[in-house]
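J.: This is the structure I want to talk about, given as structure tokens.
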Amino acid sequence: MTRRPIGIIVNGVTGRMGYRQHLVRSLLAIRDQGGIPLADGTTIWPEPVLVGRSEIRLREIAERHGLTDWTTDLSAALARDDVQIYFDAQVTQQREKAIRQAIEAGKHIYTEKPLAEESAAALDLARAATTAGVRTGVVQDKLFLPGLRKLKRLIDGGFFGRILSVRGEFGYWVFEGDWQPAQRPSWNYRAEDGGGIVMDMFPHWQYVLEELFGQVRAVSCVTATHIPERVDEAGRRYPATADDAAYGIFELDGGIVAQLNSSWCVRVNRDELVEFQVDGTEGSAVAGLRNCRAQHRSVTPKPVWNPDLPVTENFRSQWLEVPDNEEFDNGFKVQWEQFLRHVVADEPFRWDFLAGARGVQLAELGLLSAREQRRVEVPELAR
């Protein structure tokens, strides 16, 4: 078996997502499994080049995993002939400039979302990449969650009949940083640093809604900054200027209405940190990160509203678990494998920069809706 090494710049590897999900659980996991086999007998072998701003942290990560290739000089890394792919997991404000450098260097590009801070910039990146002839991809990891894959199986099997509505709840309580450390970096709560839950989560909701239910045609959104002051990593108080909660209504093809709440200021009273309830004429389902429960029309009970009597039915017990029926790998790793096959073996990959631009567009229009307190239609994006 012939091993085909492929150099991959991993920029932002010292961050939580860049390190945990993309380096350890994706690229190094692919190496641990022996690479990615292709039909012609060759094996794709990722060769990570770690890039970041801190020499100390880069060296520590490299030594921990037996790696030797790291640098703080992105330009030098992009100039290397043995590097074919640039991956970006930096903060959003740094992403557009670095991706433009990668396009100019002729590298194929895979990136975390959002692709850029504005849809016009995201669309320009898509056009520039097409002109340069480089292949592109944007992380859309929620599509590979076991719960949503089970939900997709129900949709594809016609379980719901005509889908009527989708209701989603996402989030948890992020501590303010004073008496307990915050679970998320402080820049997430500063608009001037690219923070905000709309720009963080609406790109996710765009591809989840489009891939599972239909294209988003209009959005109505209310945002809030519920916690006006937080404490940063150095113990300093700072004003929270970014939205930390968003309440959105999305109108989809086929008359489907989706209501999605996203919040860093909510305490969890559900089975998983994200849950989607889908209701259709023939059945309903509730899907989370890993699990999915369903209730068919034929076994739907008939509750009767009577506030004078206590509830005697256990409604949760009336739903059935959707079985796995397959083994689910890490979603980030699965998409990495698909992108590497796309670059090396020309296999299809539909989550390109144009798909990423649609996510940025929805976030941008959601913020416009909240700012102007009105419903906003979502126009088609053309390459």
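Each reported figure results from applying straightforward, stated rules to the coordinates on display, with no laboratory input. For clarity, every value in this text was computed on a predicted model and none was experimentally measured. Every residue, glycine among them, receives a Cβ derived from its backbone with ideal geometry; neighbour counts consider all protein chains shown.
J.: Taking the chain as a Gaussian network, Cα atoms linked when under 10 Å apart, which of 358, 95, 316 shows the biggest mean-square fluctuation?
T.: 316
J.: If you fit an axis through the alpha-carbon atoms of helix 197-212 and take the longest principal axis of the Cα set of the chain, what angle between them do you get, 0 to 90°, nearest 10?
T.: It works out to around 80 degrees.
J.: Another one. Would you check the chain for Lys pairs whose C-alpha atoms are within less than 13 Å, ignoring same-chain pairs closer than 8 in sequence, and give me the count? Write down the numbers at each step before the final one.
T.: Working: 113/142; 142/150; 142/152; 142/333.
Within the chain, the lysine pair count is 4.
J.: Residues with beta-carbon under 13 Å from that of residue 35, excluding residue 35: net charge, scoring Lys, Arg +1 and Asp, Glu -1?
T.: The answer is +2.
J.: Just grab the label-to-label distance for residue 347 and residue 300, each label 7 Å out from Cα along the Cβ direction, in nm (one decimal).
T.: In this crude label model, residue 347 to residue 300 measures out at 3.9 nm.
J.: Starting from the amide H of residue 229, placed 1.01 Å from N in the peptide plane, find each other amide H under 5 Å away whose residue is 5 or more places distant or on another chain.
T.: Hits under the 5 Å cutoff: 240.
J.: Looking at the chain, identify the longest residue range that excludes and avoids all chymotrypsin sites (Phe, Trp or Tyr not before Pro) in DSSP loops having at most 10 other Cβ atoms within 10 Å. Could the numbers behind the result be given before it?
T.: Working: sites that count: 179, 305.
Value returned for the longest uninterrupted segment is 1-178.
J.: Also, I was wondering about something else. One quarter of the convex hull surface, Cα atoms only: what value does that give for region 304-383 in nm²?
T.: Seen from a random direction, the Cα hull of region 304-383 projects 11.7 nm² on average.
J.: Another question about this same structure. For the chain, just the Cα set please: Rg and Dmax, both in angstrom.
T.: Gyration radius and largest Cα-Cα distance of the chain: 22.0, 75 Å.
J.: With the crude spin-label approximation of a point 7 Å out along Cα→Cβ, what separation in nm comes out for residue 281 versus residue 222?
T.: Taking the two extended label points, one gets 3.2 nm.
J.: Something else about it: Go through region 261-268 residue by residue and turn each phi into a ³J(HN,Hα) via Karplus (6.51, -1.76, 1.60, θ = phi - 60°); whole Hz please, and just put x for glycine and proline.
T.: 9, 10, 7, 9, 10, 9, 8, 7
J.: While we're on this one: Counting other Cβ atoms within 10 Å, which GluC sites (Glu not before Pro) in region 291-341 have at most 16 and lie in a DSSP loop?
T.: Details: sites: 313, 321, 326, 327, 337; in loops: 313, 326, 327.
When the GluC sites (Glu not before Pro) of region 291-341 are filtered for loop state and at most 16 Cβ neighbours within 10 Å, 313, 326, 327 remain.
J.: Considering amide H positions built from the backbone, and no H for Pro or chain starts, which residues 5 or more places from residue 164, or on another chain, come under 5 Å of its amide H?
T.: Counting only residues 5 or more places away or on other chains, the set is 279, 280, 281.
J.: Between the DSSP loop rule and a limit of at most 16 other Cβ atoms within 10 Å, which trypsin sites (Lys or Arg not before Pro) in region 8-55 are left?
T.: On the way: sites: 16, 20, 25, 31, 53; in loops: 53.
Filter output for region 8-55: 53.
J.: Same structure, new question: Give the percent of DSSP beta bridges with both residues in the chain that are antiparallel, rounded to the nearest 5. Write down the numbers at each step before the final one.
T.: Working: 41 of 72 bridges.
The answer is about 55 percent antiparallel.
J.: Work out, step by step, the length gained on full extension between residue 64 and residue 120: first 0.36 nm times the residue separation, then minus their alpha carbon distance; give nm to one decimal. Before the final figure, lay out each step's value.
T.: Values: separation 56, 0.36 × 56 = 20.16 nm, distance 4.02 nm.
In short, 16.1 nm is gained.
J.: Given R₀ = 51 Å, what would the calculated FRET efficiency be for residue 39 paired with residue 72, taking r from the Cβ atoms and rounding to 0.05?
T.: Numbers: r = 39 Å, r/R0 = 0.76.
Efficiency for this residue pair is about 0.85.
J.: Two decimals is fine: what is log10 I(q)/I(0) at q = 0.11, 0.20, 0.24 Å⁻¹ for region 240-330, from a Debye sum with one equal scatterer on every Cα and no solvent?
T.: Log-scaled intensity ratios, in q order: -0.49, -1.24, -1.30.
J.: Then there's this: Provide the convex hull volume over Cα atoms per residue for region 179-232, in Å³. Provide the component values of the computation, followed by the final result.
T.: Numbers: hull volume 6.2 nm³, N = 54.
Output value, Cα hull per residue: 114 Å³.
J.: What is the gain in length, in nm to one decimal, between residue 291 and residue 80 on full extension, counting 0.36 nm per residue of separation less the C-alpha to C-alpha distance?
T.: Between residue 291 and residue 80, full extension yields 71.6 nm more.
J.: To the nearest 0.05, how large is the calculated FRET efficiency for residue 373 and residue 131 if R₀ is 35 Å and r is the Cβ-Cβ distance?
T.: Details: r = 39 Å, r/R0 = 1.12.
The calculated FRET efficiency here is 0.35.
J.: A follow-up question, please. Give, as a single signed number, the net charge of other residues whose beta carbon lies under 14 Å from the beta carbon of residue 262, with Lys and Arg counted +1 and Asp and Glu -1. Intermediate values should be presented prior to the final figure.
T.: Numbers: positive: 142, 167, 184, 270; negative: 169, 200, 243, 244, 275.
Neighbourhood net charge equals -1.
J.: Give me 220, 263 ranked fewest to most by other Cβ atoms within 10 Å of their Cβ, as a rough exposure proxy. List each step's numbers first, then the result.
T.: Details: 220 17, 263 21.
Ascending Cβ contact count within 10 Å gives the list 220, 263.
J.: Between 150, 302, 142, find the one with the highest GNM mean-square fluctuation for the chain; connect C-alpha pairs within less than 10 Å.
T.: Looking only at 150, 302, 142, the biggest GNM fluctuation is shown by 302.
J.: Subtract the Cα-Cα distance of residue 191 and residue 164 from 0.36 nm times their separation in residues, and report this length gain in nm to one decimal. Provide the component values of the computation, followed by the final result.
T.: On the way: separation 27, 0.36 × 27 = 9.72 nm, distance 3.53 nm.
Stretched out fully, the residue 191 to residue 164 stretch lengthens by 6.2 nm.
J.: Could you compute the FRET efficiency for residue 315 and residue 273, with r as their C-beta to C-beta distance and R0 at 22 Å, rounded to 0.05?
T.: 0.55
J.: Any idea what the dipole of region 314-383 comes to, in debye rounded to 20, about its Cα centre with Lys/Arg Cβ at +1 and Asp/Glu Cβ at -1? Before the final figure, lay out the partial values.
T.: Numbers: 9 positive and 13 negative charges, 104 e Å.
So the magnitude is around 500 debye.
J.: Under the Karplus relation 6.51 cos²θ - 1.76 cosθ + 1.60, θ = phi - 60°, what is the ordered set of whole-Hz ³J(HN,Hα) values for region 338-351, x standing for Gly and Pro?
T.: Each residue of region 338-351 in turn: 5, 5, 5, 5, 4, 6, 7, 10, 6, 6, x, 8, 9, 9 Hz.
J.: I've got another one for you. In nm, to one decimal, how far is the modelled label at residue 175 from the one at residue 32, with both set 7 Å along Cα→Cβ?
T.: 2.9 nm
J.: Counting each DSSP H run of 4 or more residues in the chain as -39500 (n - 2.57), what helix-only mean residue ellipticity at 222 nm follows after dividing by all residues, to the nearest 500 deg cm²/dmol?
T.: Values: 9 runs with 108 residues, N = 383.
The helix contribution divided over the chain gives -9000 deg cm²/dmol.
J.: Can you give me the long-range amide H partners of residue 218? Hydrogens built in the peptide plane at 1.01 Å from N, cutoff under 5 Å, separation of 5 or more residues or another chain.
T.: Sorted by chain and number, the residues that satisfy this are 251, 378.
J.: State to the nearest 20 debye the size of the charge dipole of the chain about its Cα centre, where the only charges are +1 on K and R beta carbons and -1 on D and E beta carbons.
T.: Values: 46 positive and 54 negative charges, 44 e Å.
Result for the chain is approximately 220 debye, rounded to the nearest 20.
J.: Hey, got the dipole for region 50-195? About the Cα centre, +1 on K and R Cβ, -1 on D and E Cβ, debye to the nearest 20?
T.: Values: 21 positive and 21 negative charges, 169 e Å.
Around 820 debye, computed over region 50-195.
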